[in-house]
Amino acid sequence: MAFDLQEQEQIDWIKTFWAQWGKLLSAVVLAVLLSYLGYKGWQMYRAAESAKAATIYSQLEQQVQAGTLDKVKATAAALQSAHPGSAYAANAALLAAKAAFDKGDLAFARAQLKWLLASGQQDESLLAVARLRLATVLLDEKQYDAALAELAQAHPASFDTLFLDLKGDVLVARGDVSGARDSYKAALAKASPDATLRDFIQTKLDSLGN
């Protein structure tokens, strides 16, 4: 098949270009392809791991409802070991801690909440809930200074009322009536006018007198 001069020049240019840049272009295409395949593989792996964590968490929920604390402890430990950075593991710690607290196992409840706070979770609201529950456990254990230390930690402003209210409870238990009164007043000042917690805090404040 004969080519005219212009076509031959184009063919020669393509050959020259490919000889000079062909290997580099092939390497770039291969790298992009491998990167894409790796990304898709990672997505599939994460989806599979999330499904496994969800299954274990579902088992934990059933065990909590059944009141089998020994199984709750084992399942929570398995989930936290296999999927430590997942939201399922964090929520499992809260769920297991509540189940233990309800059964009077304060040591396990405390351990679960401390695990969650040290787990590297970034959800500030979740961490605030864990800190409130840990302070409640410490209050029941009469570890008043430790409870107050937890309540002094940074937290979202939306939790101010709850933190100040619980701080008042701890101070009452420690015998610091004046400090408790100030804390309840501060909690009321932070609470929205229609908050259902306001009446409860006000009742506690009134019980302390002026």
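The values are calculated or read from the model by the stated rules, or taken from the named source; none is laboratory data. It should be emphasised that the depicted structure is a prediction, and the values quoted were computed from it without experimental measurement. So basically every Cβ, Gly included, is an ideal-geometry build from the backbone, and we count neighbours across all protein chains shown.
Please tell me if residue 107 is surrounded by 13 or more Cβ atoms within 10 Å (Cβ to Cβ) and of a type outside the set (Lys, Arg). Answer is no for this residue.
Residues in segment 122-181 that are at positive phi and of a type in the set (Val, Ile, Thr): 0 in all. Selection of segment 175-210 for residues being more than 31 Å from the chain's Cα centre (by Cα), under 18 Å from residue 135 (Cα atoms) and not small (Gly, Ala, Ser) yields only 176. Of all the criteria given as (1) within 25 Å of residue 126 (Cβ to Cβ); (2) assigned to a helix (DSSP H, G or I), the one not satisfied by residue 189 is (1). Whenever a residue of segment 114-125 is closer than 13 Å to residue 96 by Cβ and of a type in the set (D, E, K, R), its partners that are buried (at least 16 other Cβ atoms within 10 Å of the Cβ) and at pLDDT 95 or above, lying with C-beta atoms within less than 8 angstrom and at least six residues away or across chains, give the pairs 114/134. Pairs linking a residue in segment 57-73 that is more than 17 Å from residue 108 (Cα to Cα) to a residue that is small (Gly, Ala, Ser) and surrounded by 18 or more Cβ atoms within 10 Å (Cβ to Cβ), with Cβ atoms under 7 Å and 6 or more positions apart or on different chains, are 57/92. Return a yes/no flag: does segment 162-178 have any residue that is under 24 Å from residue 70 (Cβ atoms) and either at pLDDT 95 or above or assigned to a helix (DSSP H, G or I) (or both). Within segment 162-178, not a single residue is under 24 Å from residue 70 (Cβ atoms) and either at pLDDT 95 or above or assigned to a helix (DSSP H, G or I) (or both). Answer yes or no: is there a residue in segment 136-147 that is among the polar types (S, T, N, Q), part of a loop (DSSP other than H, G, I, E, B) and in contact with a helix residue (DSSP H, G or I) (Cβ under 9 Å, 6 or more places away or on another chain). Yes, there is a match, as at least one residue in segment 136-147 is among the polar types (S, T, N, Q), part of a loop (DSSP other than H, G, I, E, B) and in contact with a helix residue (DSSP H, G or I) (Cβ under 9 Å, 6 or more places away or on another chain).
Close contacts from segment 94-112, counting a first residue that is in contact (Cβ under 8 Å) with a residue 12 or more places away in the chain and a second that is part of a loop (DSSP other than H, G, I, E, B), with Cβ to Cβ under 7 Å and a gap of 6+ residues or different chains, come to 106/141.
If the condition is being more than 16 Å from residue 200 (Cβ to Cβ) and crowded, with 20+ Cβ neighbours inside 10 Å, then segment 171-186 contributes only 171.
Is it the case that residue 170 is closer than 28 Å to residue 184 by Cα, among the β-branched types (Val, Ile, Thr) and more than 17 Å from the chain's Cα centre (by Cα)? Yes; evaluated as a whole, the condition is true for this residue. Taken across segment 62-83, residues that are within 29 Å of residue 142 (Cα to Cα), within 18 Å of the chain's Cα centre (by Cα), basic (Lys, Arg) and in a helix (DSSP H, G or I) do not occur at all. From the residues in segment 150-168 that are buried (at least 19 other Cβ atoms within 10 Å of the Cβ) and acidic (Asp, Glu), which one is nearest to residue 198 (Cα to Cα)? Filtering segment 150-168 for residues that are buried (at least 19 other Cβ atoms within 10 Å of the Cβ) and acidic (Asp, Glu), the one nearest to residue 198 (Cα to Cα) comes out as 165.
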